[in-house]
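Participant: Dumping the structure here so I can ask a few things about it.
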Amino acid sequence: MMISLLLTCNKAETLDSMQCYINSPSYSIYESLFDEIMEENRDILQPFAYYVMTENQVINNNELYEQIVCCAITLGAEVDRKMQNYFEVDDYMKGILLSSIADNVLFHASKELYQLIYNDVRKQNMMLTKRIEPGTSSLPITAQSWVLESIKEQEAVALTLTSGYMLNPTKSMAYCYGAGRNLIYTPIDHDCSQCDHVHCIHRKINVTIQKLGEVDRVYSVKNGSNLLTVLREVGEPIHANCSGNGTCGKCKVRIVSPKLPISMNERQMITTDEIEQGYVLACYQNLVTNIVVEIEEQNAEILSDFDIPKVKENKYSWIRIDGLKKRPEDSESAVDLIAHHLGKDYNYSLSALRKLSNLFNQQPFEILERDERHVSDLRKESGSFYGIGIDIGTTTLALALIDLEHKQVCSVYKCMNPQKVYGADVISRIHYTSNHTDSSLRDVIQNSVLVGIRELLDKYQVQADDIMEVAVVGNTVMQYLFAGINPCSLSFSPFLSTDLGQIKVSFIELFQNPLLTCDVIILPGLSAYIGADILSGIYATELNDMEGNYLFIDIGTNGELVLKAKGKMVSAATAAGPAFEGANITFGMGSYEGAIRSAQDYEGHIKLNVIGQGIAKGICGSGLIDLMAICLNRGLVDETGRIINGQSIPVTMGNEGIVLYQSDIRELQLAKAAIAAGIEVLLLECDCTVDELDGLFLAGGFGHHLNMESAIRIGLIPEGLKNKTRIVGNSALAGSVRYLLERNAEESLKQLAHGCKYIELSNNIMFYDKYIEGMNF
Amino acid sequence: MILQEISYFFKHGQSEKVRELTLRGMAEGVMPSDIVNVLTSYMTELGIKFKNNEIFVPEVLIVARAFNAAIEVLEPIMEPSKVYTRGTVIIGTVEGDLHDIGKNLVKMMLKGNGFHVVDLGVDVKPETFVQAVITHNAQVLAMSALLTTTMIKIKETIDLLVKRGIRQQVYVLIGGAPVTTNYAKEVRADAYARDAGSVSELLIKRGFSKKVL
C-alpha cells in the first residue's frame, strides 16, 4: 500500500545543513529564496512511502529478527527534473537549496514512517531494531537491491537502482528494520553512530535523557552540539548560573555512558569522586558521540505567600441598568443611552460591546465598571470576575488567580523561572540575549506563564472570559525579556532603559495566543535597577502612606532598598552580587532540596536545617549567613574575615563534606557590605538615623528564612532593627494583586514612582567609603 | 566608476543590481571584457577563500547568481571564446552515479573563473566522456563519483582515453567523497581536487592561464 506522508520541511534545519548560517550577512536572501522555492515546488515535494514485512535473508547470525521490514520513501522524479532545470539555467543556489529541502522533507517523512511501522509492529507483539541502512553499517550496499526487490514483490514502486546501487529518482531512501518478539526496546530510529560517513553534514548524535520515574527520552542533535545548549533546548531544568561561560560549575550532570573526557577546567570544579561517577559540566561538553545523561529533579522552595492587601476603594463595581428605552425619533446609540442614564461617559471593552449588542431592548442588565471610567464586562446578572497577578522573579515565577469580587486568592501557581538555564542572574541572561538573535528567553518565560494560567483556570474552573486583567511585575530586565524588549542597554553605564512606564497590551498581541482576551498590564518601574517588583512591593505595604520612618529591603542578586523617612522617599539598588542566591559560593545553591537553610550553634554542636530534611548538598543564602555568624561567634574567623587556621572551615563531616572556603567568606563580605553601605547612604540622604526608624520590611524569599540575629551579627542589617522587622513575603506579587483590586491603581503607581527619588550608587563617593567600612565584621 | 559599482554589488550578491549596472555599462560603452575581468578575478578570490574555509558554499552561490545575471547580459554581445578564455573543460558524474551537487559546484566555479564548461550531466558512460573530449577538443576532463561502487568507472574512462591514444592531450581531474590523491595516482589521473574551491586554483596553477584579449 502506498502511504502518503506529511510534507514537513524545517527552514532553519535545511539552511543550516547547507551552511547558510544565521550570522551570515546574506541570511535574509537565503530565507527568501527558501520561501520562494517551497512555494513554487510544494506539489512535487510530496513524500510517498512503502513498507513490507518479509523473511530475513540478508542479515547474518540474527535469529532475533523474525521479520525484516523493508522500507522505501521517495519524492518522485519531478524534483530531480526541477533541480536539473535550475542547474541548467545556472541557478546553482536554487538547485542546491531545492536538493537540501528535499533531503529535509525525506528526513521528516522517515521519522513519520518510523512511528507508523513501530505501531504496526507493536500490534503484532514485536519490537523494532534501529534503522539498518545498506552501505552505512554492517549491511553491504548490495543489499539495497534486495530491499528494493522485496518491496517490489508486493508493491508497484517506481524506483530503480543504477549499476552503482544508487536509487533513481535520487530523492529516495531504501532501508530496513529487524522485527522480533525477543528484541529489546530501543527508543532510537536512526543512529548515525552506526554510519561510516563521519564527516556527513547531516550527522546526528543521540542524547538519551534518563530521569527517575520517567521513560527515557531520546533527542537527535547535530554532531558537535554543546550539551548545555541541548539540555536548554529540550527544556531540562538545569542550573547554568554563569550562562554557559564555564565559570560557575553549577551545570553538573551525570553521564551514564560512555565515559567522556574531562577538561582541566572541569577538574577544578568537580570533585574526583564525582568525576569517577561520571559527572561533567554540561557547558564544557561538545558531543561527538551518543550519550545517556541522567537529570536529577530538584524541588525548589518558592515563596508565593502574601497577604491580600487592604483595599481602600474598589476598582470594580456592578451597576444595574433596568433596560434601555430607545425612541424611534432620536439617534442615540446604546452606549449613549447608558451614558444618559448614568450621567457619565464610559469607555467600553470590545467584549462588553459585543455583549451589549446581543441584548434586547428593555431587558435589564448589569455593567461592570472599572475606575469609574471603563466598562469591562456586561452581563444579565452580576457574578464573579477574576484577575491574575504575576511576579516574574529572576529565579522564580508566581501567578495568583484572584477573585476580584470577594477579594480572595483562589489559587497560586509557582515554578522556577525557566530562563535559569540561560544564566542565574540578569546580567548573564542579558549576555545571552546580546549573543543570540533567537527569542528563546522570551519564549520560555511566556510559555511558562501560559502553562500557569491554563492550570489556574482549570483548577478553579474559571472561564477565560471572566478574567478582567492580568498584571505583571518583575525587575526591569525580567519585564523586558517577557515583553520582548531588548534589555542590553540596561547592563552597562549609563544603564539606559527603553521605557519605565506602564505598558498595556492585549493578551493576544503579547503572547500570540488567544487563551485570554483581556489586557495585560506590565506595571511601571522606577529605574533600570529599581523595577516594578520593588515599586509594587511598596504599593503593597503602603509604605508611602504610613506615619513614621520605614525601610524596605528586598535581598536577591541585587539588594534593593527603599527608605521612607522625614517626608521623603528614596531608593537605591546595591550590586550585592549573587552570593545570597548561592552563586559564587563553592557549595552555594538556591533554596532547593538539600540546601542548608539555617544553622544553629546548639551547646557546642551545629544543628543544620536542610530543605527536604535529607542529606545536605549545599548552602543557600540564609544558611550562609547563619554559618558565618557561628564562625564569628566561635572565633574561627577574625573581624577582617580571615580564617584563623587554614583556608577552609568544614561544615559537614566526611571527605566530600560541605566546606566554607576563604574565598566564599570574601564573597559574602562584599555582598553584605554593599547592602549595609546602601542603607547608610539612604539614611544620610533623608537625614535619618537607625534609631529613628520605626520598622523594617523584609521582602522576598530570602527574607523569609533570614535569622535576624545572624544578619545583625555579620553586619548585614543594622543593630536596633531586630524587633522592628516585618517579613512581608512576596510583596511584589501582593502589589500586582492590589493593582487588580484598588481604584485608580494606575495613577497611584505613577505617583509613587514620581515621588520616589532614585540614588545611583555606582558613582556615589559616600557609598564607597561606607562600602569599605562595612567590609569587616 | 561603473566597474567599481558592479564590483561592489557583485561582492554582495545583489544580482538584480549587477544585471542593471551591466546593462548600463554596455549602454555607456564599457568594454564587456573589462566587466568579465572584474567578475572572474573576484570569483578566483572567492574560490581561495572557500578553500581556506573563510566562507561557506552558499556565499559562493549567492555571488554566482550575480555572476550569471551579468553573463546573461554579456553573452549575446561577446563571443563565448572571449568570455571563457582559459580553455574547455568536459565535466560529468560517472556511470551508475546520479549525484550532481558537487559536480555542479565545480562547474559553477570553473565558469566563474573563465573556463568554458561542457556539462555531460550524471550517469555518463566512459565512451560519452571520451567522445566529448574529442568533439570539443577539450583541455580538461573533470569526473566526479560519489560512491565506492561507482568510483571504478573513473578508471574505466581513463583506460579508454589511453586506448584511444588521447590520454596525453587532456588533463584529467577527479573528485568526490570516496576519491583520494592515492586513488588518483592509482588510476593515472592528473590530479584530485578536494573541493569545488580548489579546482580552479589547481588548474590555473597548472598553466591554464587567461589568454590576452
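Participant: What helices (runs of 4 or more DSSP H) lie completely within region A:431-527 and have 3 or more residues being assigned by TED's automatic domain parsing to the domain that holds residue A:418, within 29 Å of residue A:374 (Cβ to Cβ) and in contact (Cβ under 8 Å) with a residue 40 or more places away in the chain? Can you show your working first?
Facilitator: Numbers: elements: A:440-460, A:476-483, A:507-511.
Where helices (runs of 4 or more DSSP H) fall fully within region A:431-527 and carry at least 3 residues being assigned by TED's automatic domain parsing to the domain that holds residue A:418, within 29 Å of residue A:374 (Cβ to Cβ) and in contact (Cβ under 8 Å) with a residue 40 or more places away in the chain, they are A:440-460, A:476-483.
Participant: Here is a further query. Can you name the number of the only condition in (1) assigned to a helix (DSSP H, G or I); (2) out of contact with any His (no Cβ under 8 Å at 6 or more places or on another chain) that residue A:622 fails?
Facilitator: (2)
Participant: Quick check on residue A:641: is it touching a helix residue (DSSP H, G or I) at 6+ places or on another chain (Cβ under 7 Å) and surrounded by fewer than 21 Cβ atoms within 10 Å (Cβ to Cβ)?
Facilitator: Working: touching a helix residue (DSSP H, G or I) at 6+ places or on another chain (Cβ under 7 Å): yes; surrounded by fewer than 21 Cβ atoms within 10 Å (Cβ to Cβ): yes.
Yes: the conditions hold for residue A:641.
Residues checked against (1) over 15 Å from the mean Cα position of the chain (by Cα); (2) of a type outside the set (D, E, K, R):
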{"site": "B:48", "(1), (2)": "no, yes"}
{"site": "B:51", "(1), (2)": "no, no"}
{"site": "B:66", "(1), (2)": "yes, yes"}
{"site": "B:70", "(1), (2)": "yes, yes"}
{"site": "B:76", "(1), (2)": "yes, yes"}
{"site": "B:86", "(1), (2)": "no, no"}
{"site": "B:89", "(1), (2)": "no, yes"}
{"site": "B:93", "(1), (2)": "no, yes"}
{"site": "B:97", "(1), (2)": "yes, no"}
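Participant: Still on this structure: Within region A:70-83, is there a residue that is closer than 21 Å to residue A:8 by Cα, in contact (Cβ under 8 Å) with a residue 40 or more places away in the chain, at the interface with chain B (Cβ under 9 Å from one of its Cβ atoms) and polar (S, T, N, Q)?
Facilitator: Checked against the condition, which is being closer than 21 Å to residue A:8 by Cα, in contact (Cβ under 8 Å) with a residue 40 or more places away in the chain, at the interface with chain B (Cβ under 9 Å from one of its Cβ atoms) and polar (S, T, N, Q), region A:70-83 yields no hits at all.
Participant: Can you list residue pairs whose Cβ atoms sit under 7 Å apart, with the first residue in region A:4-28 being in contact (Cβ under 8 Å) with a residue 40 or more places away in the chain and within 14 Å of chain B (Cβ to nearest Cβ) and the second being surrounded by fewer than 17 Cβ atoms within 10 Å (Cβ to Cβ) and of a type in the set (S, T, N, Q)? Count only pairs 6 or more apart in sequence or on different chains.
Facilitator: So the pair list comes out as A:22/A:437.
Participant: Do the conditions hold for residue A:142, that is, is it among the hydroxyl-bearing types (Ser, Thr, Tyr) and open to solvent by less than 60 Å² (accessible area, probe 1.4 Å)?
Facilitator: No: the conditions fail for residue A:142.
Participant: Looking for something open to solvent by 50 Å² or more (accessible area, probe 1.4 Å), part of a loop (DSSP other than H, G, I, E, B) and over 30 Å from residue A:754 (Cβ atoms) - is there at least one such residue anywhere in region A:565-584? Working first, answer last.
Facilitator: The initial filter retains those residues of region A:565-584 that are open to solvent by 50 Å² or more (accessible area, probe 1.4 Å), namely A:566-568, A:575, A:581, A:584.
Retained after the next criterion (residues that are part of a loop (DSSP other than H, G, I, E, B)): A:566-567, A:575, A:584.
Filter once more, so that each one left must be over 30 Å from residue A:754 (Cβ atoms): A:584.
Yes, region A:565-584 has at least one match.
Participant: Looking at (1) closer than 30 Å to residue B:102 by Cβ; (2) more than 23 Å from the chain's Cα centre (by Cα); (3) more than 14 Å from chain B (Cβ to nearest Cβ), which is the one condition that is false for residue A:264?
Facilitator: (1)
Participant: Can you find a residue that is more than 14 Å from chain B (Cβ to nearest Cβ), modelled with pLDDT under 85, part of a loop (DSSP other than H, G, I, E, B) and open to solvent by less than 70 Å² (accessible area, probe 1.4 Å) anywhere in region A:166-184?
Facilitator: There is no residue in region A:166-184 that is more than 14 Å from chain B (Cβ to nearest Cβ), modelled with pLDDT under 85, part of a loop (DSSP other than H, G, I, E, B) and open to solvent by less than 70 Å² (accessible area, probe 1.4 Å).
Participant: Checking residue A:337 against (1) farther than 30 Å from residue A:546 by Cα; (2) modelled with pLDDT under 85, only one condition comes out false. Which one?
Facilitator: Failed condition: (2).
Participant: Here is a further query. Quickly run through region B:21-41 and pick out the residues that are in contact (Cβ under 8 Å) with a residue 24 or more places away in the chain and more than 19 Å from the chain's Cα centre (by Cα). Full working, then the answer.
Facilitator: To start, the set of residues in region B:21-41 that are in contact (Cβ under 8 Å) with a residue 24 or more places away in the chain comprises B:22-23, B:26, B:28, B:30, B:32-36, B:38-40.
Within region B:21-41, B:22, B:23, B:26, B:28, B:30, B:32, B:34 qualify.
Participant: Taking only region B:1-56 into account, find how many residues are modelled with pLDDT of 90 or more, hydroxyl-bearing (Ser, Thr, Tyr) and touching a Leu at 6+ places or on another chain (Cβ under 7 Å).
Facilitator: 1
Participant: Let me ask another. Please work out which one of (1) touching a residue at least 24 places away in the same chain (Cβ under 8 Å); (2) within 14 Å of another protein chain (Cβ to nearest Cβ); (3) more than 24 Å from residue A:45 (Cβ to Cβ); (4) under 48 Å from the mean Cα position of the chain (by Cα) is the condition residue A:125 fails and give its number.
Facilitator: The one condition residue A:125 does not meet is (2).
Participant: Okay, next question. Considering only residues of region A:585-604 that are free of Cβ contacts under 8 Å to residues at least 60 places away in the same chain and part of a strand (DSSP E or B), which is surrounded by the fewest Cβ atoms within 10 Å (Cβ to Cβ)?
Facilitator: This residue is A:602.
Participant: Among the numbered criteria (1) under 23 Å from the mean Cα position of the chain (by Cα); (2) of a type outside the set (Asp, Glu); (3) open to solvent by less than 20 Å² (accessible area, probe 1.4 Å); (4) modelled with pLDDT under 95, which single criterion is violated by residue A:522?
Facilitator: Answer for residue A:522: the failing condition is (4).
Participant: Please state which one of B:79, B:54, B:20, B:75 is open to solvent by 10 Å² or more (accessible area, probe 1.4 Å), within 26 Å of residue A:16 (Cβ to Cβ) and of a type in the set (Asp, Glu).
Facilitator: Values: B:79 fails: within 26 Å of residue A:16 (Cβ to Cβ); B:20 fails: within 26 Å of residue A:16 (Cβ to Cβ); B:75 fails: within 26 Å of residue A:16 (Cβ to Cβ).
The unique qualifying residue is B:54.
Participant: Still on this structure: Only helices (runs of 4 or more DSSP H) wholly contained in region A:668-741 count here; list those with 3 or more residues that are modelled with pLDDT of 95 or more and buried (at least 18 other Cβ atoms within 10 Å of the Cβ). Quick ask: steps written out before the conclusion?
Facilitator: On the way: elements: A:700-705, A:708-713, A:731-741.
Per the criteria, A:731-741.
Participant: Continuing with the same structure: Would you pick out the residues in region A:380-418 that are modelled with pLDDT of 90 or more, closer than 22 Å to residue A:350 by Cβ and surrounded by fewer than 16 Cβ atoms within 10 Å (Cβ to Cβ)?
Facilitator: The one that is modelled with pLDDT of 90 or more, closer than 22 Å to residue A:350 by Cβ and surrounded by fewer than 16 Cβ atoms within 10 Å (Cβ to Cβ): A:384.
Participant: Just to be sure I understand, how many residues within region B:94-117 are within 26 Å of residue B:36 (Cα to Cα), open to solvent by less than 30 Å² (accessible area, probe 1.4 Å) and within 13 Å of another protein chain (Cβ to nearest Cβ)?
Facilitator: Narrowing region B:94-117 to residues within 26 Å of residue B:36 (Cα to Cα): B:101-117.
Cutting the leftovers down to open to solvent by less than 30 Å² (accessible area, probe 1.4 Å) gives us B:103-110, B:112-115, B:117.
Right, trim to within 13 Å of another protein chain (Cβ to nearest Cβ) and you get B:103-110, B:112, B:117.
Going through region B:94-117 one residue at a time, the tally reaches 10.
Participant: Further question on the same structure: Residues A:625, A:606, A:658: which one is among the hydrophobic types (A, V, I, L, M, F, W, C) and more than 30 Å from residue A:427 (Cβ to Cβ)?
Facilitator: Working: A:625 fails: more than 30 Å from residue A:427 (Cβ to Cβ); A:658 fails: more than 30 Å from residue A:427 (Cβ to Cβ).
When all the criteria are applied, what remains is A:606.
Participant: How many of the residues making up region B:136-158 are more than 14 Å from chain A (Cβ to nearest Cβ), at pLDDT below 95 and more than 12 Å from residue B:89 (Cα to Cα)?
Facilitator: Number of matching residues: 0.
Participant: Additional query: Somewhere in region A:193-209, is a residue surrounded by fewer than 19 Cβ atoms within 10 Å (Cβ to Cβ), assigned to a strand (DSSP E or B) and either at negative phi or more than 14 Å from chain B (Cβ to nearest Cβ) (or both)?
Facilitator: Keep residues of region A:193-209 that are surrounded by fewer than 19 Cβ atoms within 10 Å (Cβ to Cβ), which gives A:193-203, A:208.
From what is left, the residues that are assigned to a strand (DSSP E or B) are A:208.
Imposing the further condition that a residue be either at negative phi or more than 14 Å from chain B (Cβ to nearest Cβ) (or both) reduces the set to A:208.
Yes, region A:193-209 contains at least one residue that is surrounded by fewer than 19 Cβ atoms within 10 Å (Cβ to Cβ), assigned to a strand (DSSP E or B) and either at negative phi or more than 14 Å from chain B (Cβ to nearest Cβ) (or both).
Participant: For region B:42-64, does any single residue satisfy the condition of being closer than 16 Å to residue B:115 by Cβ, touching a residue at least 40 places away in the same chain (Cβ under 8 Å) and either in contact with a Pro (Cβ under 6 Å, 6 or more places away or on another chain) or at the interface with chain A (Cβ under 10 Å from one of its Cβ atoms) (or both)?
Facilitator: Scanning region B:42-64, I find at least one residue that is closer than 16 Å to residue B:115 by Cβ, touching a residue at least 40 places away in the same chain (Cβ under 8 Å) and either in contact with a Pro (Cβ under 6 Å, 6 or more places away or on another chain) or at the interface with chain A (Cβ under 10 Å from one of its Cβ atoms) (or both), so the answer is yes.
The values are calculated or read from the model by the stated rules, or taken from the named source; none is laboratory data. Note that the coordinates shown come from a computational prediction; the quantities given were computed from them, not determined experimentally. With ideal geometry, Cβ positions are generated from the backbone for all residues, glycine too; neighbour counts draw on all protein chains shown. Ligands, DNA and RNA are stripped out before the accessible areas are found, and what is left, the full protein with its side chains, is counted by its heavy atoms. Shrake-Rupley method; radii C 1.70, N 1.55, O 1.52, S 1.80 Å.
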